[in-house]
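Engineer: Encoded as C-alpha cells, here's the structure I'll be asking about.
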Ligand SMILES: *Cc1c(COP(=O)(O)O)cnc(C)c1O
C-alpha cells in the first residue's frame, strides 16, 4: 500500500473517529432520536438506554460508578464546570470581603482550558498559585505540598501534558489532597483511554475527558464527580432542565454520548496493545531522528511520558522554514498563533526551552492507525529537511567549527 499525504501525526490535537464508533452512533440520529428526558414513550426509553450504556462504558474506563459520570460538550466544559463549580461551592470568604475567597493550586503549563478558568477566578477574588515545573515538565506531590495553605480549596493538575506527554504524580497529589481535605481535579484528556485509570486508587475527585481525543466524536466529553469520600459538590454554571444531576442542564447529545461510550469501550479493550505498539513506533521515530542529527533534544520527562507523543527541538533551523519543509507531515509546531504574531509555546518556555528552540520544535503524536511506514517516512523527511536548512545556516557552520556561540560578541548596527 502506498503512502497517502499529508501523513497525520497530530493525534494529540484530535483523533479520527473509529468506524465502530460511527456505526454505534448512526441509529441514534435517525431511528432512536428520542429525548432521554421523555419518560412516557418508547422513543425516550430507547434514547435513555443508549445513554445508560454509554455511562457504564465510560465508568468502566475510569473505574468509577456510572452515577458519577456527567456528560458535557468536551473537556473544556468539563474543566470549567469542575474548577469554577468547586471554587464557588467551597469558597472561604465572600466576594468583596477583602480576604481571598479561597486558594487554588494549578501549574503554568496546563492547557488553556484550565489556565483560563483559573485566571478568571483570580480576577474574581480567588488566589491562584501556578506551580512551575523543572526542565522535565513534571509536577510532583512535593511541589503541591509546598504550595498548600490553610485556605487551599482546590488543586487542579493535568494527568499528562498535551504538548510534551509528561505524566504528573497524580496518585500522590490526590493522596495529599485527601489528607488535607482539598478537592482534587485533573484534566485527564490526554491520559484517559490511553493508560489505565482508576479514580478510586488514583485519589481523583474530579476528572475531565474528551471524546475526540480517544477516537470518538467531537463536541462531547465527560466529567467524573466523586460521590463518596468525599462527596463533591459543585455550583452549577448552566441552569435549566436539571439534567446530569443538575451539574449540566440541557438536552443530552445522545448520538455523541453513545459514540463516546463506544470509544471508551474500545479504548479499554485495546489500550494495552495500542500502547505497546505506539511506544515501539515512537522509539523508532526518536531513534531515527536523534541518530542522524546533532543538536536535537527530546522535550519532557525521559520515562514518565505518554507513549504516543514526542516533542523534539532542532537547533540551528528556523521554525517557520522547518514547518514549511515538512509540509507533508501534519503535526504541531512549538509556535502558537496569536492575533498578531507567532508566539513560542508557553509549555516549552515553562520547561526552560529558549524562544528560538521552542519555535523550531515539532510535536509528533501517533495514533491507532499510524504505520511503521509512515513513521519511517516522517523521520526521513525531518532529517532531510533539517540537514538542508542547516546547510544555509552560518551559525551551524560556526557551531561545527567548535566556536562557542554563547561567547560570540555580535556587532549591532
Ligand atoms: C484537547 C484538550 C482539551 C480540550 O478538549 P475539548 O474536548 O476539545 O474541549 C483540554 N485539555 C487537554 C489536555 C486537551 O488535550
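Here is a yes/no grid of residues against (1) away from the ligand (no atom under 12 Å from the Cβ); (2) out of contact with any helix residue (DSSP H, G or I) (no Cβ under 6 Å at 6 or more places or on another chain):
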position	(1), (2)
153	yes, no
165	no, yes
178	yes, yes
184	yes, no
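Engineer: Right, another one. Restricting to segment 218-235, and then to whatever is surrounded by 24 or more Cβ atoms within 10 Å (Cβ to Cβ) and in a loop (DSSP other than H, G, I, E, B), can you tell me which residue is farthest from the ligand (Cβ to nearest atom)? Let's see the steps before the verdict.
Structural biologist: We begin by selecting, within segment 218-235, every residue surrounded by 24 or more Cβ atoms within 10 Å (Cβ to Cβ); these are 220-225, 234.
Now restrict to residues that are in a loop (DSSP other than H, G, I, E, B): 220, 234.
Numbers: 220: 8, 234: 18 Å.
Per the stated criteria, the residue is 234.
Engineer: Further question: Could you list all residues from segment 127-146 that are surrounded by fewer than 17 Cβ atoms within 10 Å (Cβ to Cβ) and in contact with a helix residue (DSSP H, G or I) (Cβ under 7 Å, 6 or more places away or on another chain)?
Structural biologist: If the condition is that a residue be surrounded by fewer than 17 Cβ atoms within 10 Å (Cβ to Cβ) and in contact with a helix residue (DSSP H, G or I) (Cβ under 7 Å, 6 or more places away or on another chain), then 132, 145 are the ones that fit.
Engineer: Considering (1) touching a residue at least 60 places away in the same chain (Cβ under 8 Å); (2) within 16 Å of the ligand (Cβ to nearest atom); (3) touching a helix residue (DSSP H, G or I) at 6+ places or on another chain (Cβ under 9 Å), say which one residue 157 fails and leave the rest.
Structural biologist: All conditions are met except number (1).
Engineer: Collect the residues in segment 5-22 that are away from the ligand (no atom under 15 Å from the Cβ) and in a strand (DSSP E or B), keeping them in residue-number order.
Structural biologist: Those that are away from the ligand (no atom under 15 Å from the Cβ) and in a strand (DSSP E or B): 7, 8.
Engineer: Another question, then. Is it true that some residue in segment 23-43 is within 16 Å of the ligand (Cβ to nearest atom) and either modelled with pLDDT of 95 or more or within 23 Å of the chain's Cα centre (by Cα) (or both)?
Structural biologist: Restricting attention to segment 23-43, the residues satisfying the condition of being within 16 Å of the ligand (Cβ to nearest atom) are none.
Looking for residues that are within 16 Å of the ligand (Cβ to nearest atom) and either modelled with pLDDT of 95 or more or within 23 Å of the chain's Cα centre (by Cα) (or both), one finds none in segment 23-43, hence no.
Engineer: Suppose the filter is surrounded by fewer than 22 Cβ atoms within 10 Å (Cβ to Cβ), assigned by TED's automatic domain parsing to the domain that holds residue 243, modelled with pLDDT of 95 or more and assigned to a helix (DSSP H, G or I); does residue 61 pass it?
Structural biologist: Working: surrounded by fewer than 22 Cβ atoms within 10 Å (Cβ to Cβ): no; assigned by TED's automatic domain parsing to the domain that holds residue 243: yes; modelled with pLDDT of 95 or more: yes; assigned to a helix (DSSP H, G or I): yes.
Judged against the criteria, residue 61 is not a match.
Engineer: Is it fair to say residue 156 is outside the structural domain of residue 348 (by TED's automatic domain parsing) and within 30 Å of residue 332 (Cα to Cα)?
Structural biologist: Values: outside the structural domain of residue 348 (by TED's automatic domain parsing): yes; within 30 Å of residue 332 (Cα to Cα): yes.
Yes: the conditions hold for residue 156.
Engineer: Going by the conditions given, is residue 185 in contact (Cβ under 8 Å) with a residue 24 or more places away in the chain and more than 30 Å from residue 283 (Cβ to Cβ)? Before the answer, list the steps.
Structural biologist: Values: in contact (Cβ under 8 Å) with a residue 24 or more places away in the chain: yes; more than 30 Å from residue 283 (Cβ to Cβ): yes.
Considered against the rule, which asks whether it is in contact (Cβ under 8 Å) with a residue 24 or more places away in the chain and more than 30 Å from residue 283 (Cβ to Cβ), residue 185 comes out as yes.
Engineer: Looking only at segment 236-251, which residues are touching a strand residue (DSSP E or B) at 6+ places or on another chain (Cβ under 6 Å) and in a loop (DSSP other than H, G, I, E, B)?
Structural biologist: So in segment 236-251, the residues touching a strand residue (DSSP E or B) at 6+ places or on another chain (Cβ under 6 Å) come out as 244, 247-248.
247, 248, listed by residue number.
Engineer: So residue 300 fits all but one of (1) farther than 30 Å from residue 400 by Cβ; (2) surrounded by 15 or more Cβ atoms within 10 Å (Cβ to Cβ); (3) within 19 Å of the chain's Cα centre (by Cα); (4) not assigned by TED's automatic domain parsing to the domain that holds residue 162; what number is the exception?
Structural biologist: (1)
Engineer: Going by the structure shown, is residue 129 over 30 Å from residue 271 (Cα atoms), away from the ligand (no atom under 16 Å from the Cβ), touching a strand residue (DSSP E or B) at 6+ places or on another chain (Cβ under 6 Å) and touching a residue at least 40 places away in the same chain (Cβ under 8 Å)?
Structural biologist: Working: over 30 Å from residue 271 (Cα atoms): yes; away from the ligand (no atom under 16 Å from the Cβ): yes; touching a strand residue (DSSP E or B) at 6+ places or on another chain (Cβ under 6 Å): yes; touching a residue at least 40 places away in the same chain (Cβ under 8 Å): no.
When the stated conditions are applied, residue 129 does not pass them.
Engineer: Let me ask something else about it. Of the residues 92, 149, 101, which is crowded, with 22+ Cβ neighbours inside 10 Å, more than 13 Å from the ligand (Cβ to nearest atom), at pLDDT 95 or above and over 26 Å from residue 264 (Cβ atoms)? Steps first, answer last, please.
Structural biologist: Values: 92 fails: crowded, with 22+ Cβ neighbours inside 10 Å; 149 fails: crowded, with 22+ Cβ neighbours inside 10 Å.
Of 92, 149, 101, the one residue that is crowded, with 22+ Cβ neighbours inside 10 Å, more than 13 Å from the ligand (Cβ to nearest atom), at pLDDT 95 or above and over 26 Å from residue 264 (Cβ atoms) is 101.
Engineer: Give the residue, chosen from 75, 107, 54, that is within 18 Å of residue 225 (Cα to Cα), at pLDDT 95 or above and in contact with a strand residue (DSSP E or B) (Cβ under 6 Å, 6 or more places away or on another chain). Break it down stepwise before answering.
Structural biologist: On the way: 107 fails: within 18 Å of residue 225 (Cα to Cα); 54 fails: in contact with a strand residue (DSSP E or B) (Cβ under 6 Å, 6 or more places away or on another chain).
Exactly one residue qualifies, and that residue is 75.
The values are calculated or read from the model by the stated rules, or taken from the named source; none is laboratory data. Please read all numbers here as calculations on a predicted model, not as lab measurements. With ideal geometry, Cβ positions are generated from the backbone for all residues, glycine too; neighbour counts draw on all protein chains shown.
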